[in-house]
Amino acid sequence: MKQVCLFVLTIVVASTAYAQSLFNKSKPIAYTKTTITTIKDTSVKLKVIKIDLKAQKGFNIDSVVVVEQKARLEESVMHFYKDSKVVQKVLVPYWIKNIIPIAEFADFNKDGIPDIKFRIRTLEKGTTALLNYKVFLMSQQSKYKVMSFVDFSSEKEYDLNGDGIAEIIGCSTTNFNGKNYWVYNIYNWVNGSLKSVSKDYDYPIWTLVDNKTNKVIAKDIPADARLSTLRAFPNEYYAK
């Protein structure tokens, strides 16, 4: 994480908003959203948050409570509740101190049960403000699998081929001929893990890091240079 943060300080940070045409004019996945609440617990000095699912449709759990771990460096425990009982625990390698307090729900893996997505800022402010943990709680019918990665984009997910399975976009950076570029790879959730599908859609694609909000694909990049940024997994990929 520290190496990634240091790298981003060397680039010109700009908005990662860009034209929908970047993703074949596909509409983003439609989400249901709720506010993530902070639990006031004086017995726990670090942060505790709750995603309440009782009012949401389709879930097989009632809530997710995440507790930062005091004894360990940058770790938290996720507790999955059903009928007031913990039915699953997962230790994850990050704190939730700077969580963006919105949870988004959609069926990313087409199993008929909603999945959960939220984001955590790696720093509160500064030039690394675009660098986030993207966290997905992916339904496995009777339990959830936690998947996350560190990403420069808050880009939504898309169903590019209409099969009902979301294409998950990862954004990193690279430098070529003295210029900085955003690099986009795309993935599907397959059998409990991310799988690269970039080649299926002629990715990775690059856009120039500049101050424009309407990003245009850099088409003057040699094929060998572009393909050198093909990634099997996003930065700091984690699945458990």
inquiry  = If I go through the stretch 39-73 residue by residue, how many of them are in contact (Cβ under 8 Å) with a residue 60 or more places away in the chain and surrounded by fewer than 17 Cβ atoms within 10 Å (Cβ to Cβ)?
reply    = 1
task = State whether the residues of the stretch 42-56 include one that is under 27 Å from K195 (Cα atoms) and not in a strand (DSSP E or B).
result = no
Members of the stretch 137-181 found to be modelled with pLDDT of 90 or more and among the aromatic types (F, W, Y), listed by number = Y144, F149, Y158, F176, Y181
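The values are calculated or read from the model by the stated rules, or taken from the named source; none is laboratory data. What you see is a predicted model; the values in this text were computed from it and never measured. Counting neighbours? That spans all protein chains shown, and the Cβs are built from the backbone with ideal geometry, glycine included.
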